[in-house]
Amino acid sequence: MTTNPAGRTLDWVPVPGGVCLFGDRQRPLRVVDLEWTATPLTPAQLGLGPDHRPLVELPQAQAASIAADLGGRLPLSKEWEWAASGAEHRPYPWGDEEPDESRANLRDVRGRLTPVDSHPRGRTPTGLWDMAGNCWEWTASKTIGGGFVIRGGSYNSLPLYARCTFLNAAPAESSSVGIGFRVVRPA
């Protein structure tokens, strides 16, 4: 745990860089060493109350602003995929096993957001929680039409959306109960 410039304490996880075999076409893209917040940000982590579920219902620009206030930024889509799939190019953040309720909060599991530490079997080998399910995560990667890529699926997503290569998009101004974010910073 470290205290960031805003005076709040966050758990940071180092994720070494490498070459991400990006997407289903496995396009090789270089990713730098980064530190990641261990979970999507929660109101509790930001001093906004005791809630340990993901902070959601923020448009992309507000999520990016909070990330900057915390001394970081939102990840790029390729960085997100690298952190989720690793050098092993895992199909799911935890490995090869299909999603189940011990690994991810997806459709037909809870039907609502859960605390970010509810699925320990779904952690990545580097220690990132909730990379699949619970809430989509904003990235800094723009899409055609002014939207942004979102990654990871939500509590209302099909298991297919939990795959590390699956990406989606949302309008920048969207403030959905199913979209949250995590922060990265240089290692």
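The values are calculated or read from the model by the stated rules, or taken from the named source; none is laboratory data. Computed from a predicted structure; not experimentally measured. Positions of Cβ are generated from backbone atoms using ideal geometry, with glycine treated the same way; all protein chains shown enter the neighbour counts. Calculation scope for accessible area: heavy atoms of the full protein, side chains included, ligands and nucleic acids excluded. Shrake-Rupley method; radii C 1.70, N 1.55, O 1.52, S 1.80 Å.
Some values worked out for this structure:
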quantity: Only listed residue being of a type outside the set (S, T, Y), surrounded by fewer than 17 Cβ atoms within 10 Å (Cβ to Cβ), out of contact with any helix residue (DSSP H, G or I) (no Cβ under 7 Å at 6 or more places or on another chain) and modelled with pLDDT of 95 or more, chosen from D117, D69, D108; calculated: D69
quantity: Selection count where residues are in contact with a Phe, Trp or Tyr (Cβ under 7 Å, 6 or more places away or on another chain), among the charged types (D, E, K, R) and within 16 Å of A38 (Cβ to Cβ), scope the stretch 104-144; calculated: 4
quantity: Residue match in the stretch 2-9 (condition: outside any strand (DSSP E or B) and under 18 Å from the mean Cα position of the chain (by Cα)); calculated: no
quantity: Total residues in the stretch 41-64, condition charged (D, E, K, R) and surrounded by fewer than 20 Cβ atoms within 10 Å (Cβ to Cβ); calculated: 2
quantity: Matching residues, the stretch 12-28, being of a type in the set (A, V, I, L, M), in contact with a Pro (Cβ under 9 Å, 6 or more places away or on another chain) and either assigned to a helix (DSSP H, G or I) or surrounded by 14 or more Cβ atoms within 10 Å (Cβ to Cβ) (or both); calculated: L21
quantity: Some residue of the stretch 29-39 being assigned to a loop (DSSP other than H, G, I, E, B) and either open to solvent by less than 60 Å² (accessible area, probe 1.4 Å) or among the aromatic types (F, W, Y) (or both); calculated: yes
quantity: Only one of R121, R110, R103, R90 that is in a helix (DSSP H, G or I) and farther than 17 Å from R185 by Cα; calculated: R121
